[in-house]
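For reference, the structure is listed below as structure tokens.
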Number of protein chains: 2
Amino acid sequence: MAALSICACQPQKDRSTGTRFPANGPAPAAGTTAAGADDGQWALPAKNYASTRYSELAEINTSTVGRLKVAGTFSTGVLRGHEAAPLVVNNTMYIVTPFPNIVYALDLTKPGYPAKWTYKPQPQLAAQGVACCDVVNRGASYDGGKIFFNTLDDHTIALDAETGRLAWDTQVGQINLGETMTMAPLVAHGKVIVGNSGGEMGVRGWLKGLDENSGKVSWTAYATGPDSAVLIGAAFKPYYAKERGKDLGVSSWPSGAWQIGGGTMWGWISYDPQLDLIYYGTANPGPWNPDVRPGDNKWTSTLFARRPETGEAVWAYQMSPHDLHDYDGVNENVLVDVPFNGQTRHVLLHPDRNGYLYMVDRATGQVLSANPYGVVNSTQGVDLATGALQYNPTKAPEVGQVVRDICPAAPGAKDWQPSAYSPRTGLLYIPHQNLCMDEEGLEANYIAGTPYVGMNVKMYPGPGGNRGVFDAWNPQTGKVAWSIKEDLPVWSGALVTAGDVAFYGTMDGWFKAVDARSGKLLWQFKTGSGIIGQPITYRGPDGHQYVAVLSGIGGWSGAIVAGLLDPRDSGAALGMVNVTRDLPDKTTMGGMLYVFAL
Amino acid sequence: MAALSICACQPQKDRSTGTRFPANGPAPAAGTTAAGADDGQWALPAKNYASTRYSELAEINTSTVGRLKVAGTFSTGVLRGHEAAPLVVNNTMYIVTPFPNIVYALDLTKPGYPAKWTYKPQPQLAAQGVACCDVVNRGASYDGGKIFFNTLDDHTIALDAETGRLAWDTQVGQINLGETMTMAPLVAHGKVIVGNSGGEMGVRGWLKGLDENSGKVSWTAYATGPDSAVLIGAAFKPYYAKERGKDLGVSSWPSGAWQIGGGTMWGWISYDPQLDLIYYGTANPGPWNPDVRPGDNKWTSTLFARRPETGEAVWAYQMSPHDLHDYDGVNENVLVDVPFNGQTRHVLLHPDRNGYLYMVDRATGQVLSANPYGVVNSTQGVDLATGALQYNPTKAPEVGQVVRDICPAAPGAKDWQPSAYSPRTGLLYIPHQNLCMDEEGLEANYIAGTPYVGMNVKMYPGPGGNRGVFDAWNPQTGKVAWSIKEDLPVWSGALVTAGDVAFYGTMDGWFKAVDARSGKLLWQFKTGSGIIGQPITYRGPDGHQYVAVLSGIGGWSGAIVAGLLDPRDSGAALGMVNVTRDLPDKTTMGGMLYVFAL
């Protein structure tokens, strides 16, 4: 297999408006250069702008990984779902906890990793009541000597990375409207880019760019409404005809429904500095019951390319028009350059909730391939000529009738848990689930700040009975190279290294290392709680390679444990309880950092 | 130094009324035989009836301990102070958490130690409001195929050790009266022996013996009141004249004050099967303000020897008559046979809160020696002829006047955290604190179920500035053999092994192994939270030695972290906050089991 290169997505100093790094700081860490010079840090949740979660470090490799041992642990002092990636910059590790969103800066140069500082933002308690699926946080970003993160009650906060002192704190949303924030910001072109959560609460989705130095909101790009609100203007050149037309964010909805129509943005943002485009997907339309919102419901479940400085849309592609099944588009976009049909194509790889792995030209938005990476019967493929998703009419939900055996279930073939890409193997490592569901549409009434769903859901394991999968996907062939079946949904992020080892965690707490070329299990360690966090790797102050991950069950998939839900209530956690009823016997709540080394 | 033997305190099958072990179970585990045949289990919080916390296992020794690694972890799913010792019986590890007092049975034969069963007693939430000093639990006991433990809301519960099924559940106290339960039961002579907590709430202390099979209360021995209630009868033969007289539990109090006079029992019980006597100490009198309770306040702060079958008192010795400073007598009694003045004496070693290490003949109650093991200025020694504690009148608290520089402070030179004794070294390993205080008496009004203290307390570090000490004490010389100064109070239990290694933990999370003969630090590992638990060791299913400890800050000493107390409030946690103000910067809440092996 030919080694493929990652997008040359290093940060562009000349375009940045902020101070990039303190004088005593590390070399720029936000990107991995095409040449593969890895500074051994982990400054962004996805390691680099390309979101590859790939590290050049190789001390821990297929030969040595079997000797991996616990090098350190740290209790976050918070239970509930720990979905964040730790960051490592300048020999300091930064952790953001679930609500109440405490930030710890651990000094990696000292034994036992004592905290250099701790920041406790004290978000409003009421925010917990409007979070759809546990009170998670997906992490922070480092840039220019600052740590940026969001609180559940809709503040974006910048801290001095060295001292923990507050640089700025901007309220960008309102919990009274059902808005919360769970995503990790990305900093590009001097803007801290953040989005809201709450697609199950009648929230109108947006992405905002805040000035990196002042915290002032520079731009807001709504997912619904008139073009002026969506920041669609003269530069907007979508590839497909179906995305063209004036104010589609209004006209593709029943009168006014776009105002409470979802399309939130709680997933991942990637950045291509050469094209100067950010990429992200919007979430599901609201409510889930599709009967009350005839039309395409633009721009929900849509992939956007925008200019980070202005928010201006350059192209868009709606994966799931008039989404029927909560198929958000928020999953990660991994920017890679791959040979395809005899050419090197600059693409993004997007494993969507709807079950298709979209390979998209990141300059134009053209879908080069869209093959299923999980079990899909709710749709019958993607027409590459028109970009249209072919719905299966027999799987459309109806009010007052239970439609059975819909695959994938509402969390999709994969949810937010991000995949990793190795340029050495040319494979994308996809942690995901294998769940199907029964659905029954219900009346939904909008009351601000309350659930607005209109669907009964009951999930169960997909074909084969295994609820989880860890796949290696070959974008050249559009097929799975190898696959590991897991009993529980694989709800952790993935990591892959130049040691040709891929890492992921299981919901019952196993942290696993597998051979990146074969999938062979090389090592595992049972952490104290279930893992839904994102593993990272870094070079420690001693020059050696470390691997770190947060353990702490929760999130949508682990809500039965973190939320102490009644296992008899099949519909609890939007149907998730029915398929995770055994989880409380398999893991316990926790909140613990594990660091491993040889 | 001559090797000394531990009391031959193995369980006596012929005296037991219960089935000792299931047919497929292990050899009797409750005691270590004098011959030293160690079954490698840990069935009681203190390992054996003698409460030595000594194991014959020696694979982990002074030469090998430096190679100790994390073998496993388990999140209890509960934050707050974890003071319990895990138990290991029949390749199963049993853990009791702080409130809500979940019991886990972990299968040590399987990778990752999955739970065989989990028992959730669901105690009343209101119990948390009447617990004086965090919602801790000090562990369970195993006997005859059952696990026995107490809930914070005053239930003693027996579970089938194999299945977790409830055998019986007896309510023995009332939270409405301020009673809680935090201690670990001891089973002796077919009785499950338990006591109450709540000396700061006007609670009347008691010890109860429950039938091991039915859970029915066989006897109740109050600490105060008439002899009939204290179970003082014809067999009562105290060594000292000061303990003789009719109904001293009434006459040593102002009229009726004994009814709300404290003397609870939340510490440790030891058992000598040869003498058929249990040993335990009662807690402080209430309220703390001594002016309102003139008299000796019997039988608070008193060491008792009783028959386990009937509760009948055989002797008593009041360490701190008319206690002035919250000097509970609940600390452990370690039963050893030591050469003393040319004879082998059958003694108990009792490091009391008041700062004296009492060596007491366990048949008669005679105090053979009582030397200070910490800094003491509140008293001026113990008169061995009369047994009297010599108070220092200049350190007596007064209402409306601050008396300064009282040593030890209210938690004593040592609190509940139990010491360990090695027959190989002849040394007692004492984890303790070095705190002094200012006191000011206040009016105290009794309202059932509310605090009844009457004292302002402000603690600070004792001479030298180190707040913690780990001492090796030589009972033959009555002196410290070696001493380790720790910055924070040493609030964990101690463990010592035939590998001549002693283990303890620190409140900032370090788990340490030191040379039992010299105190030299041999190994340490930083756990995720502060350690106030009790380390144990056992032989695993693979034949190898393991060491385990719970990490999770809290308790009185860690209340500032576990209770999120305001560091500006010097008097919070009964004055403890003033001397632990830096703790939130040094550790975080947690609840995690760590298992270590070579």
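The values are calculated or read from the model by the stated rules, or taken from the named source; none is laboratory data. Note that the coordinates shown come from a computational prediction; the quantities given were computed from them, not determined experimentally. Neighbour counts run over all protein chains shown; Cβ positions are idealised from the backbone, glycine included. Note: accessible area is taken over every heavy atom of the protein model, side chains too, but ligands, DNA and RNA are not part of it. Shrake-Rupley method; radii C 1.70, N 1.55, O 1.52, S 1.80 Å.
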**Prompt:** In this structure, does B:Gly499 turn out to be open to solvent by less than 10 Å² (accessible area, probe 1.4 Å), touching a residue at least 60 places away in the same chain (Cβ under 8 Å) and not acidic (Asp, Glu)?
**Reply:** yes
**Request:** Within the range A:80-95, track down each residue that is part of a loop (DSSP other than H, G, I, E, B) and crowded, with 24+ Cβ neighbours inside 10 Å.
**Result:** A:Arg80, A:Gly81, A:His82, A:Glu83, A:Ala84, A:Pro86
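Residues checked against (1) open to solvent by 10 Å² or more (accessible area, probe 1.4 Å); (2) touching a residue at least 12 places away in the same chain (Cβ under 8 Å); (3) of a type outside the set (S, T, N, Q); (4) away from chain B (no Cβ under 13 Å):
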site	(1), (2), (3), (4)
A:Gly552	no, yes, yes, no
A:Gly555	no, yes, yes, yes
A:Gly571	yes, yes, yes, yes
A:Leu574	yes, yes, yes, yes
A:Leu583	no, yes, yes, no
A:Gly590	no, yes, yes, no
A:Phe596	no, yes, yes, no
**Prompt:** Quick one: would you say B:Ala559 is open to solvent by less than 30 Å² (accessible area, probe 1.4 Å), closer than 30 Å to B:Val88 by Cβ, in contact with a helix residue (DSSP H, G or I) (Cβ under 8 Å, 6 or more places away or on another chain) and more than 11 Å from chain A (Cβ to nearest Cβ)?
**Reply:** yes
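Yes or no: A:Ala516 modelled with pLDDT under 95, more than 13 Å from every other protein chain (Cβ to nearest Cβ) and buried (at least 18 other Cβ atoms within 10 Å of the Cβ)?
So A:Ala516 does not fit the description; no.
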**Message:** I need the full set of residues from the range B:103-156 which are of a type in the set (A, V, I, L, M, F, W, C), away from every other protein chain (no Cβ under 12 Å) and open to solvent by 10 Å² or more (accessible area, probe 1.4 Å), in order please.
**Reply:** B:Leu108, B:Leu125, B:Ala126, B:Val130, B:Ala131, B:Cys132, B:Cys133
**Request:** Filter the range A:237-249 down to residues that are open to solvent by 40 Å² or more (accessible area, probe 1.4 Å) and either under 27 Å from the mean Cα position of the chain (by Cα) or touching a residue at least 60 places away in the same chain (Cβ under 8 Å) (or both), then give me how many there are.
**Result:** 4
**Message:** Whether any residue in the range B:50-57 is within 11 Å of chain A (Cβ to nearest Cβ), under 28 Å from B:Gly173 (Cα atoms) and surrounded by 19 or more Cβ atoms within 10 Å (Cβ to Cβ) is what I want to check.
**Reply:** no
**Message:** On the basis of being assigned to a loop (DSSP other than H, G, I, E, B), of a type outside the set (Val, Ile, Thr) and touching a Pro at 6+ places or on another chain (Cβ under 8 Å), does A:Gly571 make the cut?
**Reply:** no
**Request:** Would you check if there is a residue in the range B:488-506 being acidic (Asp, Glu) and on the phi < 0 side of the Ramachandran plot?
**Result:** no
**Request:** Only strands (runs of 3 or more DSSP E) wholly contained in the range A:270-349 count here; list those with 1 or more residues that are over 16 Å from A:Thr364 (Cα atoms) and touching a residue at least 24 places away in the same chain (Cβ under 8 Å).
**Result:** A:334-340
**Asked** Can you tell me which residues in the range A:58-70 are open to solvent by 60 Å² or more (accessible area, probe 1.4 Å) and either at pLDDT below 95 or within 14 Å of another protein chain (Cβ to nearest Cβ) (or both)?
**Response** A:Arg67, A:Lys69
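This table checks each residue for (1) of a type in the set (Gly, Ala, Ser); (2) more than 25 Å from A:Asp337 (Cα to Cα); (3) out of contact with any Cys (no Cβ under 8 Å at 6 or more places or on another chain).
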residue	(1), (2), (3)
A:Gln401	no, yes, yes
A:Arg404	no, yes, yes
A:Ser419	yes, no, yes
A:Leu428	no, no, yes
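Hey, among the residues in the range A:253-268 that are touching a Pro at 6+ places or on another chain (Cβ under 8 Å) and part of a loop (DSSP other than H, G, I, E, B), which one's most open to solvent (accessible area, probe 1.4 Å)?
Step by step, filter the range A:253-268, then rank; the result is A:Pro254.
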**Prompt:** Inside the range A:519-545, can you point out the residues that are of a type outside the set (A, V, I, L, M, F, W, C), open to solvent by 30 Å² or more (accessible area, probe 1.4 Å) and touching a residue at least 40 places away in the same chain (Cβ under 8 Å)?
**Reply:** A:Arg539, A:Pro541, A:His544
**Prompt:** Does B:Tyr429 satisfy the condition of being out of contact with any Pro (no Cβ under 7 Å at 6 or more places or on another chain), part of a strand (DSSP E or B) and farther than 30 Å from B:Gly261 by Cα?
**Reply:** yes
**Prompt:** Consider B:Tyr460 against the criteria (1) touching a helix residue (DSSP H, G or I) at 6+ places or on another chain (Cβ under 6 Å); (2) open to solvent by less than 50 Å² (accessible area, probe 1.4 Å): it satisfies all of them except one. Which criterion is unmet?
**Reply:** (2)
**Asked** So which of A:Ala448, A:Ala420 is on the phi < 0 side of the Ramachandran plot, open to solvent by 20 Å² or more (accessible area, probe 1.4 Å) and either in contact with a strand residue (DSSP E or B) (Cβ under 8 Å, 6 or more places away or on another chain) or at pLDDT below 95 (or both)?
**Response** A:Ala448
**Request:** Please work out which residue is farthest from B:Val469 (Cα to Cα), limiting yourself to the range B:368-382 and to residues that are in contact (Cβ under 8 Å) with a residue 60 or more places away in the chain and open to solvent by less than 20 Å² (accessible area, probe 1.4 Å).
**Result:** B:Ser369
**Request:** Hey, can you tell me all the residues within the range B:283-334 that are more than 21 Å from B:Val194 (Cα to Cα) and open to solvent by 10 Å² or more (accessible area, probe 1.4 Å)?
**Result:** B:Asp291, B:Val292, B:Pro294, B:Gly295, B:Asp296, B:Pro321, B:His322, B:Leu324
**Request:** Exactly one condition in (1) facing another protein chain (nearest Cβ under 9 Å); (2) open to solvent by 20 Å² or more (accessible area, probe 1.4 Å); (3) in contact (Cβ under 8 Å) with a residue 12 or more places away in the chain; (4) touching a strand residue (DSSP E or B) at 6+ places or on another chain (Cβ under 8 Å) is not met by B:Ser75; state its number.
**Result:** (2)
**Message:** If a residue must be free of Cβ contacts under 8 Å to residues at least 60 places away in the same chain and under 24 Å from B:Leu106 (Cα atoms), how many such residues does the range A:557-569 contain?
**Reply:** 6
**Asked** Failed condition for B:Gly199, given (1) surrounded by 21 or more Cβ atoms within 10 Å (Cβ to Cβ); (2) modelled with pLDDT of 95 or more; (3) touching a Ser or Thr at 6+ places or on another chain (Cβ under 6 Å); (4) of a type outside the set (Val, Ile, Thr), with all others met?
**Response** (2)
**Message:** Looking at B:Gly528, B:Gly533 in this structure, which one is within 14 Å of chain A (Cβ to nearest Cβ) and under 22 Å from B:Met576 (Cα atoms)?
**Reply:** B:Gly533
**Message:** Just checking, does the range B:173-182 include any residue being open to solvent by 20 Å² or more (accessible area, probe 1.4 Å), in contact (Cβ under 8 Å) with a residue 12 or more places away in the chain and within 24 Å of B:Gly329 (Cα to Cα)?
**Reply:** yes
